[in-house]
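Shown next, in structure tokens, is the structure this report addresses.
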Amino acid sequence: MGLAASCGASAPPSWQALAPRYAAPKERGPHDWVEAIDGSRRLRRRPAPGGASWIEADLFEGDWRRAQLPGLFWTPILLEGAVGTFAGTPFELEVDGTPVRYVSPGEVETNLGNEHAFSVIATRLYFWAGAHAAPPPSATFATYASRGARVDDTWRVSLDEYTADGLPVWPGESFRTTLAPHDDLRLSFSTLAQGDPRIAADSEHSVDFVVRAQGEVIFRHTQVLGAATTHAVHSVELPETGTPRELEFAVEGNGVLTAFLQARLGPAEVGGYDRRPWGEDRPDLVLFVADTFRADNLAVYGGREELTPNLDRLASEATLFERAWSPSSWTLPSQASMMSALFPRQHLATDAAHGMAPELVCIAEELRAAGYRTGAVTDQGWVASAVGMDQGFEWFREKWSTLEATGASIEDFLAADDGRPFFLFVQTYHTHTPFRVSDETRASHGERFDFVEDFPAFYESLGDIDREWTFAGPLNAERRRALELYRHSYWGTVVDLDRSVGEWLTLDGLRQLPEHGALLFTSDHGEGFYEHEVLGHGCGLWEEHVRIPLFVLGKGVTKRRVPHAATLVDVPPTLSFLAGLPPDATWKGRSLLELDEERTTVLFECNNRRQPKDAIAVHHGPLKLLADEPNPDSFRGTWSELALRHAYDLEQDPQERTPLAPTAIERWFEGRSPLPGSLFRAAHDPSASRLSTRHLEQLGELGY
């Protein structure tokens, strides 16, 4: 197996993942599962090609509830989030043995004829029984459940909010593999059981995860089933053996969908994060992205002292980049640039129809190939596996959640320590609408700020943001008051986030970062408070939308302030530099820790706010140009080709209030190198992404 035990400081061990050995089982017969609703009904598993299944359950007349439209009924779906990658419609409905036609969510209340039809919207199954008709006395609903797929020579499991390398072993099944002779080995893994709302009230339902070595049970863990998916981290020291030995992973009892994630063999003794027996000198790396977080939230960037004491303390000891920008003014293109070190028009992840292409080389892939344990904790939305953001991550957890839940997931990742250095990516939407200010912050800062009690209702009262708050002209007193409430609620979430960061950095594995690892803190874009007649983000490239905080703190990183331009495209080369790795040849950024001169940066609007033309912003020194984005097929890179909108001297006019005269711009152009045409051309073929209805609805809740 090539696995070494802890052999002293000069001989680091190796690790071996078991997910690459997995192969989907052949089709099996139907299998009954949990008593889902009462003693007379059970979930049934019907085999599908490739080891997948249709999970079905019977529905009766009493299960349906009337919707607002006569003849339209709904009931909660089963196995929320169990749908994997599937080319067709991942749901089926039969009424009295007859298949019912599936319609898209947009057709539920329109274009429905006299025939029966159904749709799934978020967590509800809708059935059209015909005008003024009654619900069906009996029906059978089925959800397609995938085991995952082989990706880059390993098996990937996607189950509810988790996407990870794994062994999708379902109840009543087992997976066997043979181990070579070994000693001093430990098996690390986590167990995952899909939740379902129909069994939430019944605490008696559970499954047993079992590991056997040569038929002998060496691990058993009982996981109670409920409405929420459950995840637990484990490690087991393996009995020594001088001969090959069979290892078996099994799930016993009644359950839903289950898996062993990140099953891996490694050294039995790993020490702590800062004290490996073999003298590990590779740094642990954390990339923390606070979504929608303006640079001036921090006092070190000119913000209010009372907002971010924890982040200001970190920034004061870090290499801080005074002039940092996001590549775009909204999440998807900016985050994709931060992962791939390409500009938005190169990676093409710029709208709901396109995601991260598999051809892109992402920072997590590079670190993983170099032996890092890679994990991500995100709030989903645009930072999701559905758009390819999980590339390179062994463990990717995504769910719209609270800061407390984010902290718990960070602890889960750290608890799975197997001795390898780690790369952890954390992203939160807490400072993104809808603003959710904690009771603690309301109590501590309520005298200074006027927080909205019910922000979702307040936000709805603002009307159509794109039409009523985008280039809408001067504000009256009522709208100025609304803007003040919006800004104060935003600041409340900033206070919440700062407090949580301070708490997370006390966790074992993170509190040692300044001595043995590195933390890179940044944001993917800012937020407009109508400084240039835009509320929110995603429209325009004004400084409030694209100026972001960016600092690096850790082992070997000096305390200093860097005045040269930095962007998120530079993040992958910076992390690679920290890990002692060369940057990938396809990357366009450079290590920020080696940045020693001024350079030209280009930002892309990639507008998603109903505006007719996309803009670019070009920065060099204090000068900022705003122009129409050029046609990539005809653009030769010369400055004279750009259709300029405005230009500003940010040193003299940081608020962008007084555009420069044409003569000043012409003088700046003299002797400047042309813009590379490659900035505006794709680096690969477009990669389509298939976002689920549930996912699109969540994006709608975020304001997209």
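Looking for something under 23 Å from Val501 (Cβ atoms), touching a residue at least 40 places away in the same chain (Cβ under 8 Å) and small (Gly, Ala, Ser) - is there at least one such residue anywhere in the stretch 344-362? No. When you scan the stretch 163-203, how many residues do you find that are at pLDDT 85 or above and of a type in the set (D, E, K, R)? Of the residues in the stretch 163-203, 5 are at pLDDT 85 or above and of a type in the set (D, E, K, R). When the test is whether a residue is at pLDDT 95 or above and assigned by TED's automatic domain parsing to the domain that holds Phe293, Phe471 does not pass it. Within the stretch 438-472, the set of residues being touching a residue at least 40 places away in the same chain (Cβ under 8 Å), among the aliphatic types (A, V, I, L, M) and assigned to a loop (DSSP other than H, G, I, E, B) comprises Leu462, Ala472. Candidates Leu348, Leu314: the one that is modelled with pLDDT of 95 or more, aliphatic (A, V, I, L, M) and in the same structural domain as Lys399 (by TED's automatic domain parsing) is Leu314. All of (1) crowded, with 21+ Cβ neighbours inside 10 Å; (2) within 19 Å of Leu320 (Cα to Cα) hold for Arg304 with one exception: (1).
Going by the conditions given, is Ser401 of a type in the set (S, T, N, Q) and more than 29 Å from Ala682 (Cα to Cα)? Criteria met by Ser401. Of the set (1) without any contact (Cβ under 8 Å) to a residue 60 or more places away in the chain; (2) not assigned by TED's automatic domain parsing to the domain that holds Glu544, all apply to Leu261 but (1). Can we say Trp639 is touching a residue at least 40 places away in the same chain (Cβ under 8 Å) and of a type in the set (Phe, Trp, Tyr)? It is false that Trp639 is touching a residue at least 40 places away in the same chain (Cβ under 8 Å) and of a type in the set (Phe, Trp, Tyr). Residue pairs whose Cβ atoms lie under 9 Å apart, separated by 6 or more positions or on different chains, with the first residue in the stretch 538-563 and modelled with pLDDT of 95 or more and in a loop (DSSP other than H, G, I, E, B) and the second surrounded by fewer than 19 Cβ atoms within 10 Å (Cβ to Cβ) and polar (S, T, N, Q), are Lys559/Ser316.
Within the stretch 453-476, track down each residue that is surrounded by 20 or more Cβ atoms within 10 Å (Cβ to Cβ) and among the hydrophobic types (A, V, I, L, M, F, W, C). Answer for the stretch 453-476, where residues must be surrounded by 20 or more Cβ atoms within 10 Å (Cβ to Cβ) and among the hydrophobic types (A, V, I, L, M, F, W, C): Phe455, Trp469. For the stretch 477-525, taking the residues that are among the acidic types (Asp, Glu), touching a residue at least 12 places away in the same chain (Cβ under 8 Å) and surrounded by fewer than 16 Cβ atoms within 10 Å (Cβ to Cβ), the one that is farthest from Arg442 (Cα to Cα) is identified as Glu515. Residue pairs whose Cβ atoms lie under 7 Å apart, separated by 6 or more positions or on different chains, with the first residue in the stretch 117-139 and within 13 Å of Val95 (Cα to Cα) and not assigned by TED's automatic domain parsing to the domain that holds Thr89 and the second part of a loop (DSSP other than H, G, I, E, B) and among the β-branched types (Val, Ile, Thr), do not occur. Residues to consider are Glu305, Glu240, Glu246, Glu280; find the one that is touching a helix residue (DSSP H, G or I) at 6+ places or on another chain (Cβ under 7 Å) and modelled with pLDDT under 95. Step by step, each of Glu305, Glu240, Glu246, Glu280 is checked, and only Glu305 is touching a helix residue (DSSP H, G or I) at 6+ places or on another chain (Cβ under 7 Å) and modelled with pLDDT under 95.
Please verify whether Phe435 is in contact (Cβ under 8 Å) with a residue 60 or more places away in the chain and closer than 30 Å to Leu348 by Cα, treating the condition exactly as stated. So Phe435 does not fit the description; no. Against the list (1) in a strand (DSSP E or B); (2) under 25 Å from Pro654 (Cα atoms), the condition Ala518 fails is (2). Selection of strands (runs of 3 or more DSSP E) fully inside the stretch 181-275 by the criterion of at least 1 residues being over 23 Å from Tyr22 (Cα atoms) returns 206-213, 216-224. Right, Asp284: among the charged types (D, E, K, R), touching a Ser or Thr at 6+ places or on another chain (Cβ under 7 Å) and in contact (Cβ under 8 Å) with a residue 12 or more places away in the chain or not? For Asp284, the condition - among the charged types (D, E, K, R), touching a Ser or Thr at 6+ places or on another chain (Cβ under 7 Å) and in contact (Cβ under 8 Å) with a residue 12 or more places away in the chain - is not met.
Across the stretch 157-187, which residue is nearest to Gly226 (Cα to Cα) among those that are over 32 Å from the mean Cα position of the chain (by Cα) and acidic (Asp, Glu)? Residue satisfying both the conditions and the ranking: Asp184.
Within the stretch 639-665, the set of residues being exposed (fewer than 12 other Cβ atoms within 10 Å of the Cβ) and assigned to a helix (DSSP H, G or I) comprises Ser640, Pro662, Thr663. Inside the stretch 554-571, residues that are crowded, with 19+ Cβ neighbours inside 10 Å and either within 26 Å of Arg511 (Cβ to Cβ) or among the hydrophobic types (A, V, I, L, M, F, W, C) (or both) make up a count of 8.
The values are calculated or read from the model by the stated rules, or taken from the named source; none is laboratory data. From a predicted model like this one, the values you see are computed outputs, not experimental measurements. No Cβ is skipped: glycine too gets one built from the backbone with ideal geometry, and neighbour counts run over all protein chains shown.
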